[in-house]
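The values are calculated or read from the model by the stated rules, or taken from the named source; none is laboratory data. It should be emphasised that the depicted structure is a prediction, and the values quoted were computed from it without experimental measurement. Virtual Cβ from ideal backbone geometry, glycine too; neighbours counted across all protein chains shown. Heavy atoms of the whole protein, side chains included, go into the accessibility calculation; ligands, DNA and RNA do not. Shrake-Rupley method; radii C 1.70, N 1.55, O 1.52, S 1.80 Å.
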Amino acid sequence: MDTTPNYGIPYPECDPPLVKDATDVAQIAALAYAADAALDLVYAQAEQEVFNPDSVRMQAASVTATGQDRTPVFTSDTIDTGGMADTTNGVVQILEPGRYYVGAYTSSTTSTLTQLRVRFLINGSPVSNFQTPGYATPLSGSMIAGYADAVLTFQEPGALSIQIRHSSSGATSWNSTAELWATQLEAF
């Protein structure tokens, strides 16, 4: 009896130098059980990575302040299948190196804003440009929104957050809410 190199599945082999089959029922049963166990393991890994990837979606409370830039603090989550929601530090914690699809949305009802843009931060440093301004309703005092998405590669664990910027002049007082999400596409 020998075993396969990758999964260690036992398989019957002939009895050298004779060319006769040295198998018996116990060896065939061991092969079948080991193959079933290996298939169950591959299926469980595929189910986790393909059908249930690590995902998180967090919200930041509404904040009103002055200044052009804001880094929201994410204080609650609606989805967290990978333990990535860090409400203590207000960020998404990427725990496993890999490729992630990330997205963010922000909105404001402050009538003096002209554009609202978003960029991603890893460990507090920008890793993308501010994306093109999003949506603005034509009526004064209605909603303005910004959206960003990207595929980011994490070589090591890190904290994911966003920075919001408006393009109005001066230190206007403005409110904003924000959402941030991440889904693992590939683990390294």
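How much length is gained on full extension from residue 89 to residue 38, taking 0.36 nm per residue of separation minus their Cα-Cα distance?
Extra length from residue 89 to residue 38 when fully extended: 14.3 nm.
Relative contact order (percent) for the chain, with alpha-carbon contacts under 8 angstrom and 6 or more residues of separation?
Value for the chain: 27 percent.
Accessible area of residue 7, 1.4 Å probe, to the nearest 10 Å²?
Rounded to the nearest 10, that gives 140 Å².
Where does the charge balance sit around residue 158 when Lys and Arg score +1, Asp and Glu -1, over other residues with C-beta under 15 Å from its C-beta? List each step's numbers first, then the result.
Working: positive: 99; negative: 54, 86, 96, 156.
Surrounding charge for residue 158 is -3.
Below 12 angstrom from the Cβ of residue 186, what's the summed charge of the other residues (Lys, Arg +1; Asp, Glu -1)? Mind dumping the intermediate values first?
Details: positive: 99; negative: 49, 54, 96.
Local net charge: -2.
Keeping every protein chain in place, order 50, 92 by accessible area at 1.4 Å, biggest value first, i.e. largest first.
50, 92
State to the nearest 20 debye the size of the charge dipole of the chain about its Cα centre, where the only charges are +1 on K and R beta carbons and -1 on D and E beta carbons.
Dipole about the Cα centre, nearest 20: 1540 debye.
Name the residue, out of 12, 133, 72, whose mean-square fluctuation peaks in a Gaussian network model built on the chain with Cα pairs under 10 Å.
In the Gaussian network model the winner is 12.
When the accessible area of the range 41-181 is computed with all protein chains present and a 1.4 Å probe, what percentage of it is carbon and sulfur?
Accessible surface attributable to carbon and sulfur in the range 41-181 totals 52 percent.
Within the set of other residues whose C-beta is less than 13 Å from the C-beta of residue 146, count the net charge using Lys and Arg as +1 and Asp and Glu as -1.
+1
Excluding ligands and nucleic acids, what accessible area in Å² is computed for residue 135 using a 1.4 Å probe, to the nearest 10?
130 Å²
How much accessible area per residue does the chain have, in Å², with a 1.4 Å probe?
Numbers: 10510 Å² over 188 residues.
Here the per-residue accessible area is 56 Å².
Which of rounded, prolate, oblate describes the chain, given a ≥ b ≥ c as roots of the alpha-carbon gyration tensor eigenvalues and a/c under 1.5 marking rounded, otherwise prolate only if a/b is larger than b/c?
Prolate is the answer for the chain, as a/c is 1.5 or above and a/b outweighs b/c.
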